Amino acid sequence: MNVAALTFYILSGVLLTSAVMVVTSRNTVYAVLFLILAFFNASGLFVLAHAEFLAMILVVVYVGAVAVLFLFVVMMLNVELGSLRESMRRYSLIGGLVGGILGIELMGVVIAWNTSPEALDLTSAPLVNYNGMSNTQSLGNLLYTHYALIFQGAGLILLIAMIGAIVLTLRTREGVKKQKLGDQIGRQAKESVRLIDIPSGSGI
């Protein structure tokens, strides 16, 4: 067993253990910390697969932004463990059914991959190198040339989803003072400042 295979098994084992601890941990803060550990090990697997760009994106986006945001939200909300246990008991049947379906699908994919005659050729094939470009350059070349319209369409869908979330969460309440930027920008100095000449000794 070489160093790459040993590293793969170590990262995979820690990744699977962290994923199980995310689901089974009773403390939500610990669950988020195990999720961060799982992301780090997944990025290590991407590095072993010569996908450095995906590993960097996984660390920067998911660990640096999403997971840390989850951690702060969980710590600030102070979620009660009793309500979580009650919710787990209520939806345990549906969760087990969905988990069983996903497990069967994953087993089907693994069995089909191991029994496929093309699997050995795909695993032993060398990495495609586009005119000496690196992994990041090759990915950018594919995204912005061959899949440019699909990439722009995905960005448009995300923009629509963001606008929809803002519209759905917008609440208009009466009696709340709001800023009127047009009125504030259009104000003149004579409308904002008033000079009063107070006689000496009269006080205010």
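Every number here is computed from the coordinates shown, using simple stated rules; none is lab data. These figures come from a predicted structure and were not determined experimentally. With ideal geometry, Cβ positions are generated from the backbone for all residues, glycine too; neighbour counts draw on all protein chains shown.
Relative protection proxy for 163-170, 97-104, from highest mean packing down: 97-104, 163-170 (other beta-carbon atoms within 10 angstrom).
Sorting the segments 177-190, 11-24, 32-45 by their residues' average number of neighbouring beta-carbon atoms within 10 angstrom, most packed first, yields 32-45, 11-24, 177-190.
Using θ = phi - 60° in the Karplus curve 6.51 cos²θ - 1.76 cosθ + 1.60, the 3J(HN,Hα) couplings for the range 102-112 round to 5, x, 5, 5, 5, 5, x, 5, 5, 5, 5 Hz; x is entered for Gly and Pro.
Of the peptides 47-54, 148-155, the order by per-residue mean of other Cβ atoms within 10 Å, starting with the highest, comes out as 47-54, 148-155.
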